[in-house]
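Below is one structure; the comments refer to it alone.
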Amino acid sequence: MKAIDIRNKYLNFFKQHGHTVIPSAPLIPENDPSVLFTTAGMQPLVPYLLGETHPAGTRLTNYQKCVRTVDIDEVGDNRHLTYFEMLGNWSLGDYFKQESIQMSYEFLTKELQIPTEKIYVTCFKGDADCPKDELSAECWKKAGIPESHIYFYGKDDNWWIAGDEGPCGPDTEMFYDTGKPACSSDCQPSCDCGKYVEIWNNVFMEYYKNAEGKYTKLSKQNVDTGLGLERMAMLLQGKETPYDTEIFAPIMKKLEELQKIDDIQSRRIIAEHLRSSMMIISDGGRPSNIDRGYILRRLIRRMIRHMNKLQINLDEIKTLIEINTNNLKEMYPDLEKNQETIEQVILEEKNKFIKTLSHGEKEFAKEIEKAKQQGKNKIDGTIVFHLYDTYGFPPEVTKELAEENQMEVDMQGFEKLFKEHQEKSRQGSEQKFKGGLADQNENTIAYHTATHLLHQALKIVLGDHVKQSGSNITTERLRFDFTHPQKMTKEEIEKVENLVNEQIQKDLQVKCEEMSYEDAKKSGAIGLFTDKYGDKVKVYTIGDFSKEICGGPHVTHTGDMGKFKIKKEESSSSGIRRIKAVLIKE
Ligand code: SER
């Protein structure tokens, strides 16, 4: 069964069982700076799992685009992926263990036609915080799983929480027996020899763990489940790795044709990192030196390093992107819509990287020599950081180069320096942000309102892909950064100016309302800097023209703002444009 068919079956099945299909949230979490990427289907649903009412009801299902980078070093083996799709269904205070388990069993055995003998399940064995999950085991038995296929494990295996704090609870996991021989007489689902593969996880969220590690009962009992699509496709197709499924097959084949040196690990890394990068860019991510931008940079650069390793001409990147777009557009139509941007961003990053690559490799060779002369077998963290900071070498690349020279690298030392560096840049940007709004007077307030008008006008003229990525206001001008792949034309600039000026001339009323973040989102407000879900936010509406979540302050009417003029439109970083504009008082 193809991945897309599994996805459709899943959504249909849960729809038939009273669930509303909700869209996948973007990979880049909206208004949640605490995480880099969406890592699970439950993540965008946290406010609802904590008790807020979801507009689509108490039974939800979706497919969710996810990126997890903790295992980035493992990519290239037969199972780790940085990008994957998670199918999920949720009960928000609706059904609990019994129905959830019954539906999972039915889906696996009836819809996917997995024979019961191939299914093993695990349940929570209980500890001081929470009792043994006898009920789940009972439900499995009732559904049709024999007792000999039910195992009990502790918190390490059968408890789910995202991070250290948040909604959590015991889970029950489903495993697929690949039929491979047992590695030992004690081989069981928790064993990672490859005989048993985890396919689905149903979390019974009934607790909240706070920062001090205390567990309290949630107001509602929820269910959160997650099924990894690529893995399921691999198993149902009887393949050994996700790279052998239709998701990766065309790109793997092309890489085999293009390579001059044969290395399956490198081919997988290229294929995997390219798909992840394309998905991240399609959702608005751009390479940079911090946070999510840096992850994207690492993915692209590591892919390029491995293309070099296989001696594949880097001009072929375009072909590879094309193959992926064609192959994946049915699953992700946005890839086709954003193909041009994706290509531009990746090619620009490639050009940046090749400029520094040869210098960096020379520098690296020197360091290896030095270390060897000193009788060391480890490269210092400071050197890994220097290669990163000066030459843009992702640490994985340095590590791989070192390993090719039988050397290790001091990753911990690198991590420490990297964190210090990130902290500095973060403080810097907070400073900048504060600086931008600190000085509030009549002029800056008008510029602030003009920024909202500009944002909306850009969306109208250039398209909905326009997203604010920065803003800075002084008494003399506004500066606005936004995602857009190319230079604006003269006509586009004029149109935007005219649109903004029309709104100013209409003397529109600016209204401020306070509401919950969720209501704000529902009302169609553009969401920007909010810290936490559930907080009350202010929504500023300018006539019928613009609606944005914002702390203010703003003018009460647009009439006296002056004439809006764009002074400059330039590139700010790759895929990000910058406008400087003024309000001229007549
Ligand atoms: N949140 C759980 C997981 O990620 C179930 O979706 O496994």
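The values are calculated or read from the model by the stated rules, or taken from the named source; none is laboratory data. Nothing here was measured: the structure is a model prediction, and the numbers come from that model. Glycine also receives a Cβ, built like all others from the backbone with ideal geometry; neighbour counts cover every protein chain displayed.
Kindly indicate whether Ile114 is under 11 Å from the mean Cα position of the chain (by Cα) and either away from the ligand (no atom under 16 Å from the Cβ) or free of Cβ contacts under 8 Å to residues at least 12 places away in the same chain (or both).
No, not satisfied.
Could you list, in sequence order, the residues of the stretch 73-105 that are part of a helix (DSSP H, G or I) and aliphatic (A, V, I, L, M)?
Ile101, Met103
Does at least one position in the stretch 472-485 carry a residue that is more than 30 Å from Glu52 (Cα to Cα), in a helix (DSSP H, G or I), without any contact (Cβ under 8 Å) to a residue 60 or more places away in the chain and more than 34 Å from the chain's Cα centre (by Cα)?
No; the residues of the stretch 472-485 include none that is more than 30 Å from Glu52 (Cα to Cα), in a helix (DSSP H, G or I), without any contact (Cβ under 8 Å) to a residue 60 or more places away in the chain and more than 34 Å from the chain's Cα centre (by Cα).
Can you go through Met86, Met42 and tell me which one is modelled with pLDDT under 95 and crowded, with 22+ Cβ neighbours inside 10 Å?
Met42
Let's see how each residue does on (1) assigned to a helix (DSSP H, G or I); (2) touching a residue at least 24 places away in the same chain (Cβ under 8 Å); (3) touching a Phe, Trp or Tyr at 6+ places or on another chain (Cβ under 6 Å); (4) over 27 Å from Leu45 (Cβ atoms):
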{"position": "Phe107", "(1), (2), (3), (4)": "yes, yes, yes, no"}
{"position": "Pro131", "(1), (2), (3), (4)": "no, no, no, no"}
{"position": "Cys139", "(1), (2), (3), (4)": "yes, yes, no, no"}
{"position": "Gly179", "(1), (2), (3), (4)": "no, yes, no, yes"}
{"position": "Ser184", "(1), (2), (3), (4)": "no, no, no, yes"}
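Out of all the residues in the stretch 568-579, is one or more surrounded by fewer than 17 Cβ atoms within 10 Å (Cβ to Cβ), modelled with pLDDT under 85 and out of contact with any Asp or Glu (no Cβ under 8 Å at 6 or more places or on another chain)?
yes
Please tell me if Val75 is farther than 18 Å from Ile199 by Cα and under 23 Å from the mean Cα position of the chain (by Cα).
The answer is yes for Val75.
Just to check your reading of the model, which residue among Ser185, Ser219, Ser136, Ser148 is among the hydroxyl-bearing types (Ser, Thr, Tyr), under 32 Å from the mean Cα position of the chain (by Cα) and surrounded by fewer than 20 Cβ atoms within 10 Å (Cβ to Cβ)?
On inspection, the qualifying residue turns out to be Ser219.
Can you tell me which residues in the stretch 215-246 are farther than 20 Å from Met174 by Cα and touching a strand residue (DSSP E or B) at 6+ places or on another chain (Cβ under 9 Å)?
Within the stretch 215-246, Tyr215, Thr216, Lys217, Leu218, Lys220, Gln221 meet the criteria.
Restricting attention to the stretch 565-577, report how many residues are within 16 Å of Ser288 (Cα to Cα) and either among the basic types (Lys, Arg) or not in a loop (DSSP other than H, G, I, E, B) (or both).
Number of matching residues: 5.
What's the number of the condition Lys217 fails, among (1) assigned to a strand (DSSP E or B); (2) within 16 Å of the ligand (Cβ to nearest atom); (3) of a type outside the set (A, V, I, L, M, F, W, C)?
(2)
For every residue, the table says whether it meets (1) buried (at least 19 other Cβ atoms within 10 Å of the Cβ); (2) part of a loop (DSSP other than H, G, I, E, B); (3) under 25 Å from the mean Cα position of the chain (by Cα).
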position: Pro189; (1), (2), (3): yes, yes, no
position: Asp192; (1), (2), (3): no, yes, no
position: Phe204; (1), (2), (3): yes, no, yes
position: Tyr208; (1), (2), (3): yes, no, yes
position: Thr225; (1), (2), (3): yes, no, yes
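In the stretch 1-55, how many residues are more than 21 Å from Tyr207 (Cβ to Cβ), more than 15 Å from the chain's Cα centre (by Cα) and of a type in the set (A, V, I, L, M, F, W, C)?
So the count comes out to 9.
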